[in-house]
Structures are given as C-alpha cells and as structure tokens.
Amino acid sequence: MADEEGTPMKKSTSNNSLLQSMMGNGNGYSEVTINRAGSGSLDPDYLESAHKTMLYTTDEMEVRFEKSSSPKHRAKIPVDQRKQEEQDAVNWKLQMKNLLPILDWASNYGKDTKYYKGTRHTDGDQKGEYVGWKDCLRRDVLAGIVIGIMLVPQGMAYGMLAGLPPVYGLYTSMWTLVAYMVTGTCRFLGPGVNAPISLLVADAVQGALGLTTGCGDIPADVTMTDDCQDFIDASLLLCLMVGVMYIILAVFRLGIVTALMPKPALSGFTTGASMIIISSNMKFFLGLDIPRGSFVETWISIFWNIGEIRGATVMIGIISLCMLRGIQILNRHPKVKPHLFIPIPEQLVVLLLSIIIVGFARMDKHFFVDVVGEIPSGLKAPELPPISMERISVLMSPAITVALVTYILTINVAKAVAAKANLNVDANQELVSLAAQSLVGAVTHSCVPSGSFSRTALIQLMDAESLLHNMFSCIVVGFVCLVLTEQLYYLPKSVLAAIIFLALRNMIDTVPCFGVKGVKDPEDDTKWKVKPVPSLWKVSKSEWFQWVVAFLFTTFMGVTGGIFASIGLSLALLLKTASHPNTAVLGQLEGTQTFVPMKLYGQAKEIPGVKVFRYDGPITFASKDWFETKVIKMFMQDISDTKVHSLVLDVGSVGSIDTSAATAIKLVVEELRRSVAPGLKVYFGNWRGNMDDVGISVMEFSKLEQIVPQPYYLTIHAAVEHAIANFEEAEATKDGGDEESGLEVGGAPSIDQDGVEGTEMVPVAPPAPADL
C-alpha cells in the first residue's frame, strides 16, 4: 500500500491509530466492502491474523472483512499445548470422569472438584485449609439419614399419587439415588419422587390405557386387579422409555429445550399442578371413595358425596397437618434451633404416632379409617418391564411429555440451588444422570424419578459435602423395605395426604399473578406477613399472560394440556418477537453525528431528503412482512415537502438475511420508487460485520447489490453524508450546475482512546425503546 507520493504506508500496531487513520480520509466518509475471495493488493501474512483487514489511502478508505482462523482478539494456542489438548480430548480417563463425575469427586473428597469447591476453615490457625474428610463424611451421613427418613412417608405418598401401590414410591427412593450419586453434578439436589411428576405419570398412563383409577386408589382389603397390574407394567415401561428419551436428548445436546418453558410458565404450571394434586388427594383426606377425575369432576364428586365424609379420617388428617406445620415452626424457632443437633423429622414423628394410635385403637375397623394396608417386604429382583410395540406406540407421546417436563423441573431446581450455593451444574450431564436414573428405575420397579423442591432445600440446609449422602438415604429406605414394612400396615392415607398438602406449600406461587407475597417477620422468624410486591401485569403483560395460561390450562385441562399450552404459547411469543422486532425512524441530534429514534428524542431532526430506518433483528421469512409494512408506513407518514431521494438502513442489529427477506427488500424498494420516491437510493449504515455467513451468501445469491450497492458504511453519519454527496452529484450532472447542500455535517466521527466512536454528549435521558 502506498500514499499519494508512492511511499508505502506502515500497518499500525495500534487499533486506535489505525481507526484514526481510517476515519480521517479526505472525503469524510467510511466505506465497507465485502470481499470473500480476498484481494491481491493485501499482504497475505497480514490477512492470516487479521479479523478485519483495513486497506486505506489518503483519498479513500475501504474495510474488507476477511475470514480468518485466528482472529486478532483470540490468542493462538501453542503447538505443544494444542497437541496435549487433542490428546486429552481422546483420553479415555477424562472421558470417563466427564461421564461419571463420581470418579472426580470421590478421589478428591472434601476438596475442590469440577462442579463445586471443598469446605475450608473460615477462622483460627487453619483458616483457608480443607476441613478434612471426617467432618465432610459426618455431614454427608447426617444429611443422608435425615433425607432417608423423609423419603419413607414422602415416597409412599407420591407413589400413591402416581397411581401405584405406595411401596413403589419406596423403590423409587432407593436405587435411583445411587444412580444420581454416580452420574449427577449438583451435590444438593434431592432425586427420587416428585409430586408434579407423579401426577403427570398417573394421568399419562391412565390416559394411554383408558383407565379411570390407579393402584393407589384400591382399598387395603381389596386384591390387586388385572387393570392394576397393567397400570404398573405401563408405568415401568414409561420409565424405561423416558430414560431412552434422555439419552437421545443428551447425545444431540438438546438441553436447550428448557428454554421452551420460561420461569412464569413454569411457575403457573407448578401452581396449577398443585391444585390438581390437592383435589386428587382430598378423597383420602376426607375418607371418600370417588373415582379419579379432572379438577372440576373431582370437586363435583366431593360435593355430591359430602354426606359420606368420615369424621375420624378428617380428624386424623387435620391433626397431622397441624402437627407437621407446628414441628416445622419449632425447627426454625430462634430459641430452639441452636439446641437441635439435626432438625426434628416432622413427617416421621407424625407417621409413627398415627400408626400407633390407629393400630392400637383399630380405627380401620371401628371408624373405617382407610389405611395403606399390607406392603410387600423385601426388595424385588431387577427385571425389565413387559415390552410390546403396541404398548410403546401408545406411550410414545406421554413419554416425550414426561421426559421434557421432568428435565425442565429438575434442571430448574438444580440451577436455583446452584446459584445460591455457587455450584457448577452441567445441564447436559444432568440429562445423562436422568437417563441413568430412569433406566435403573425401570428395572428396579420405580416410578419416573425427578428432582424434589423440598428435599433439595433440606439437603442445602444440612450442608451436605458431596453426593455421597444419597447412598446413606438409600440404606435407610432399604432398611425400611426389608424390616419395617409390616409396621406400616396401619398408616392412614389421610396422613399421607396431609404430608403432600404441606409439601405443596413451597410449590404454589401466586406472586406473579396477584402481587402479594408472604415474607418472614424481621423481628420474629416464626411469623409471616403478607407483603405487596409488583405483579407481572405491571412489569411484563406477556409474562403475566404466560403464568395465567399455564395455571388455568393445567388446573382445568390437566397437566398434559397445561404443558402443551405453556410450550405452545412460549413458541408463539418467540415467533411474535422474531417477526415483530423493534423498529425506529432515526433523526440527527443537532451539533453531533449521533442518530437516535425521533419518537423518543424530541431534539432529533430528520435530514431533508434522507430517511434513516433502524431494524433491530434479523430480516427473515418470519419478519419480512413487518419490515415491508414499517418501511412503507414511514414513507406514507412523511409530511415534509422535500423529495426523499435516499433511504439509509441501520443494519447494526441485523444478524442475518434469508432469500425471502432479500426478495422482499427488492420489492419494497421498487414499490417506493414507483409510488412515492422515484429514483430512491438505498444504503446500509452501521455495518460492523455482524452479518453471518448465510446472510452474506444470500445477499450475493439474491444480487442485493442491485438495490443496495456496495460500499456499506461503518456509521449512519457516513452513509447519510455519502447519500447527500451522491444526490448532489447526480443533480449537478442533470442540471449542469453545482448546487450546495443545506446539510451541515461535521467531519468523520471521532474515536476515543479505546477505538470507540465518540459523539458530543447530549443531556437527554432515553426512555424505554418503542416501535414506530
């Protein structure tokens, strides 16, 4: 490269000096030319390392965007390190550690691992040192025992909620925990049974088999029916199919599916599912014998059979509910909590007391209290569930639904606790872990496993050191299955219903809809008060609508209907956002080179004869009609007397263009030239190389240069200045004279020390973005 006198110009090593030279050309404007094939005038060695190769002279400047494997901002990896990384990529030991995280944390027990940091002393002479494996093991053992005790009543309750015999909930609380210990990444996550997933499984299997009841509804003195056995077999096959679905999602790294159900929709879904769970368990709480049905059908049946409510059953349920809540409050009381070695297991206390009272008083015979009944002792041998293509075809759709919802719920629980505890959760590895849990569960007679809200919170409270606590929980539940099943005969089902009701307390979230929230009293930790907070209606009406739709559809149409409605609405809103991005007509702030939306800044003024239009999104088949409508509307609403001769498109936020959009751009420009702006010229401004390769290829394929000729401009100001210059030149040629333009524009944009375009600051506070 050479200057006017033929002296070669040195390539500057400073981005700032290079940009200063780039912007300081004699013509006062900057040009950008797409060059995919390279240029013979450019130094090949420079092109190898340059992401944006700049060729400039004293007369004019071009910016050529070149493909490069080593951009300037990315350091080259030394050859020796690159070889080592390639070796590590195929190192089977590292691959096994990634697939089985237990190989990592077991060998570094109590120390820093890939997914979390070890516990260190915070004071004393050993400050900063690891606390040691004995203290870590003590916390894991305590957390495992407490969670195992909690899993016994919860497992039975949620197993019954899934339409299975209660003992299947205990099976789900054993080997699936061990599978998560081996493959999981979140040490605080509580795997096993989960209320919404249990309800989803029950609805899915009943719908697939055409049944109106499950095994959990069969009284204790009634022998298992053929329908019940079919229900169990279908549930286990569903668990197996869900595990296969997880493997497919993990192989193709489709963890992104969690984005299909945003937080408001998930909150509305869990709240609606809680309403269904409450209604489906009211028959156990009230002692009624009614068939399982929808939310409305269940409450109609309850009111229709209100005269058959059993007083003793209701009394046991209410007392159990009060005791559960009372012990929870006692565990958190500031005068009691410091003296407790571990929290009082309220569910175990209520379970034991109810068994003793009902058993000694024979309330099942004298007061017709419905009890769990006989539970098979011991553990079943692992075996595959009966498999048939007919049954698989019937369960395929429910399996996809259950897999998606279980993963969404589990990963949200894991990420929520990980954010609080500074843990590293691998979403794709959690898919692998769920696959392992489901496949293990299918052969060990388990329901579909999932992460639990309540148990995860308790594990975090117990500060478990690692996933080893799952093994001790498995031992506790296994001991109950082997030794204590006979003692569970007189467990009232109303107690299990009370346990479920209290567990749902943390799942019901009405804050997004109604704008009220229960918070702890700062003066008394045991008291709560209602605090008004902004509802989603005031913050984001679309998200409020998502919550309402998810809640209503889940409550009245069932969990499957709620899922499809939530995901469908999310996709519709995504499509709306993609097809209707923000647009604005830009004007220039006086005395500056800054262009801002005229609707938001009253000081901005339009350049006579030039329309500047900003489009904040890719121009695709989904948004081409919106683009066309907004551009034509801008011209139709123009009330100035000046003829519009140029259209500058701010493409700083246009990441891609497809063939449909390229054709639409051609048509809209031709329409404008034919109707309101004869001879209209189009320019791309604010071109920063953000267009992807597909967009650039489409522009070349569609011959978009016939409408928007190169060069493209780095700034809006440069594009406008060039548009004015071209128009004046054309007018001068046509009229045979040289007319002065009334546009007062400064020189090229200034560049600060960081190489960023600078403008004169205008004391205007920008309001929220808006459309045209």
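The values are calculated or read from the model by the stated rules, or taken from the named source; none is laboratory data. The model shown is predicted, which means the values in this text are computed figures rather than measured ones. Here the Cβ positions follow ideal geometry from the backbone for every residue, glycine too, while neighbour counts run over all protein chains shown. All accessible areas refer to the heavy atoms of the entire protein, side chains included, with ligands and DNA or RNA removed. Shrake-Rupley method; radii C 1.70, N 1.55, O 1.52, S 1.80 Å.
Residue pairs exceeding 30 angstrom between C-alpha atoms, taken from Lys337/Lys415; Lys97/Lys134; Lys538/Lys611; Lys263/Lys630: Lys538/Lys611; Lys263/Lys630. Amide H to amide H, with H built 1.01 Å from N, Val648 comes under 5 Å of Lys611, Val612, Phe613, Tyr683, counting only residues 5 or more places away or on other chains. Among the listed pairs Lys541/Lys633; Lys111/Lys420; Lys576/Lys681; Lys541/Lys605, which are separated by more than 24 Å between their Cα atoms? In this structure, Lys541/Lys633; Lys576/Lys681; Lys541/Lys605 exceed 24 Å between Cα atoms.
At a probe size of 1.4 Å, how large is the accessible area of Lys365, to the nearest 10 Å²? My reading of the accessible area for Lys365 is about 130 Å². For region 137-212, the solvent-accessible area works out to 16 Å² per residue, with a probe of 1.4 Å and every protein chain left in place. Heavy-atom accessible area for Met96, with the other protein chains in place and a 1.4 Å probe, reaches approximately 70 Å².
Quick check on packing: order 425-431, 597-603 by the mean number of other C-beta atoms within 10 Å, highest mean leading.
425-431, 597-603
Here the Karplus curve 6.51 cos²θ - 1.76 cosθ + 1.60, taken at θ = phi - 60°, turns the phi angles of region 159-166 into couplings of x, 5, 5, 6, x, 9, x, x Hz, with x standing for Gly and Pro. Of the trypsin sites (Lys or Arg not before Pro) found in region 375-473, the ones in coil according to DSSP and having at most 16 other Cβ atoms within 10 Å of their Cβ are Lys380.
If R0 is taken as 60 Å, the Cβ-Cβ distance between Lys114 and Thr733 corresponds to a FRET efficiency of 0.30. Model label sites at Asp226 and Phe360, defined 7 Å from Cα along the beta-carbon direction, differ in position by 4.6 nm. Per-residue 3J(HN,Hα) values for region 636-646, derived from phi via the Karplus relation 6.51 cos²θ - 1.76 cosθ + 1.60 with θ = phi - 60°, read 5, 8, 6, 10, 6, 8, 6, 5, 7, 10, 9 Hz in sequence order (x marks Gly and Pro). Taking every protein chain into account, the accessible area of region 258-303 amounts to 35 square angstrom per residue (probe 1.4 Å).
Tell me, what is the per residue accessible area of region 688-733 in Å², probe radius 1.4 Å? Ligands and nucleic acids excluded, the result is 43 Å² per residue. Using heavy atoms of the protein chains and a probe of 1.4 Å, the accessible area assigned to Lys97 is about 80 Å².
With a cut-off of 12 Å on the backbone N, the residues of region 603-625 near the modelled label site 7 Å out from Val694 along Cα-Cβ are 618-622. Among Lys114, Lys576, Lys624, the order of accessible area from largest down is Lys576, Lys114, Lys624, computed with a 1.4 Å probe on protein heavy atoms.
Top to bottom by accessible area (1.4 Å), largest first, where do Leu488, Leu461, Leu103 land?
Largest to smallest exposure gives the sequence Leu461, Leu103, Leu488.
For region 616-670, chymotrypsin sites (Phe, Trp or Tyr not before Pro) meeting the loop criterion (DSSP other than H, G, I, E, B) and having at most 13 other Cβ atoms within 10 Å: Phe621.
Say R0 is 22 Å: what FRET efficiency, to the nearest 0.05, do Met275 and Trp537 get from their beta-carbon distance?
0.60
Protein-only accessible surface at a 1.4 angstrom probe places the residues Arg362, Arg138, Arg253 in the order Arg253, Arg138, Arg362, largest first.
In this structure, the amide hydrogen of Val448, modeled 1.01 Å from its nitrogen in the peptide plane, lies closer than 5 angstrom to no residue at least 5 positions away or on a different chain.
Computed from label points 7 Å out along Cα-Cβ, the spacing between Asp616 and Val676 is 2.3 nm.
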